[in-house]
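Participant: Mind having a look at this structure? Questions to follow.
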Amino acid sequence: MRVARTIAATRGLVRRGGQPVVLVPTMGALHEGHAALIRRARRLAGPQGTVVVSVFVNPTQFGPKEDFSRYPRPIRADLKVCRENGADLVFRPEPTEMYAVDASARVDETSLSAHLCGASRPGHFGGVGTVVAKLFLIVQPQIAVFGEKDWQQLAIIRRLVRDLNFPVRIVGHPTVREADGLARSSRNAYLTPEERAVAPGIYAALTRAAAEPTAGRILRSAGRALAALPGARVDYVRLVDAETLEPATRLRRRTTLAAAVFLGRARLIDNVQIPPRA
Ligand code: AMP
């Protein structure tokens, strides 16, 4: 496995590697969710292809009061996860390698980004869209793998690819969870033992609510159960169309029940997919 810190080195190594090129963008602090994405990328690439993992805590997707500076950066452990799960190349640039000091061009999706996390984190998805577009242009993958845990991010990236004609196939990978249901997340490391004990209640609330018979009852059930979690502050809980992310009042199309919850210093997100019902 090679490690590149510059765009030029990454381009050179990718050019000399086999096809297809499969990219897994991450912010590091890699856990079993990321590992599953890398293994999926390895399968998609086959023995001849090139699996590229980017490890970059992207400053432009963090708000001024968010956790950019304290986001964990355990690079040795991250490289081990990449190596053991089949990566060929890790691209880990410094922010100065990715952004000119006077960088002034951005990639903004303007419809799906208005909802859910986009409403509570202004500018976040502009940062995500910009860095993902840059990674697509640097690595030029045929395939890129993203987690369904960040459902809105996945929907926005599919939209960017459609609307800007990026020649890349987007593969979504199911959410990897702890045994008790908690979605794996780098931010779970912020939880105290007490908060960690409460955290599985988020997924439990969503799955239990999803079994209710109507859109209204699903949303009320999820809202009540999340509000009852000790020490939790609900940022949002919404039932939305799985593709457009517009609020859903019926279950005729596939819907997503999504929530963001503050538990201590951590802001945790999760979602469940609800198939269409007649
Ligand atoms: P992050 O490092 O948090 O930016 O995540 C990098 C990629 O890993 C994104 O595509 C995430 O959706 C995905 N990911 C993070 N956590 C999980 C998880 N628990 N299961 C599946 N994918 C995940």
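Participant: Label points 7 Å out from Cα along the Cβ direction at GLU178 and ALA227: separation in nm?
Facilitator: Using points 7 Å along Cα→Cβ, the separation is 2.6 nm.
Participant: Compare the Cα positions of ILE138, LEU37, ASN271 along the charge dipole of the chain (+1 at Cβ of Lys, Arg; -1 at Cβ of Asp, Glu; about the Cα centre) and return the one farthest towards the positive end.
Facilitator: Comparing the listed Cα positions along the dipole, LEU37 ranks first.
Participant: Rounded to whole Hz and in sequence order, give me ³J(HN,Hα) for region 72-80 from the Karplus expression 6.51 cos²θ - 1.76 cosθ + 1.60, θ = phi - 60°, writing x for Gly and Pro.
Facilitator: Rounded to whole hertz, the list is x, 9, x, 5, 5, 5, 5, 5, 5.
Participant: For region 176-193, what does the Karplus curve 6.51 cos²θ - 1.76 cosθ + 1.60, with θ = phi - 60°, yield as ³J(HN,Hα) per residue in whole Hz, taken in order and with x for Gly and Pro?
Facilitator: Couplings: 8, 10, 5, 4, 8, x, 4, 5, 4, 7, 4, 7, 4, 5, 7, 6, 6, x Hz.
Participant: Next question, about the same structure. Suppose every K and R has +1 on its Cβ and every D and E has -1 on its Cβ; what is the size of the dipole of region 186-269 about the Cα centre, in Debye to the nearest 20?
Facilitator: Values: 14 positive and 7 negative charges, 30 e Å.
Its charge dipole is roughly 140 debye.
Participant: How large is the Kirkwood hydrodynamic radius of the chain, counting all unique pairs of alpha carbons, in Å? The partial results should precede the final answer.
Facilitator: Details: mean 1/r = 0.0514 Å⁻¹.
That comes to 19.5 Å for the chain.
Participant: What does the highest-first list of 67-73, 99-105 look like by mean Cβ count within 10 Å? Before the final figure, lay out each step's value.
Facilitator: On the way: 67-73: 13.9, 99-105: 8.3.
In decreasing order of mean packing, 67-73, 99-105 become 67-73, 99-105.
Participant: Would you work out if region 186-269 is rounded, prolate or oblate? Take a ≥ b ≥ c from the square roots of the eigenvalues of the alpha-carbon gyration tensor; rounded if a/c is under 1.5, else prolate when a/b is larger than b/c, oblate otherwise. Before the final figure, lay out the partial values.
Facilitator: Values: a/c = 2.70, a/b = 1.91, b/c = 1.41.
Judged from the Cα gyration tensor, region 186-269 comes out prolate (a/c at least 1.5, a/b above b/c).
Participant: Sticking with this structure for a sec: Using θ = phi - 60° and the Karplus curve 6.51 cos²θ - 1.76 cosθ + 1.60, what whole-Hz ³J(HN,Hα) does each residue of region 126-133 get, with Gly and Pro shown as x?
Facilitator: Result, ordered by residue: x, x, 5, x, 5, 5, 5, 4 Hz.
Participant: Moving to a separate point now. Treating only the Cβ atoms of Lys and Arg (+1) and Asp and Glu (-1) as charged, compute the dipole magnitude of the chain about its Cα centre; round to the nearest 20 debye.
Facilitator: On the way: 41 positive and 24 negative charges, 100 e Å.
So the dipole magnitude of the chain works out to roughly 480 debye.
Throughout, read-outs are computed from the coordinates displayed, never taken from laboratory work. Remember, predicted model here, so these are calculated numbers, not experimental data. Neighbour counts are summed over all protein chains in view; Cβ atoms, including those assigned to glycine, are modelled from backbone coordinates with ideal geometry.
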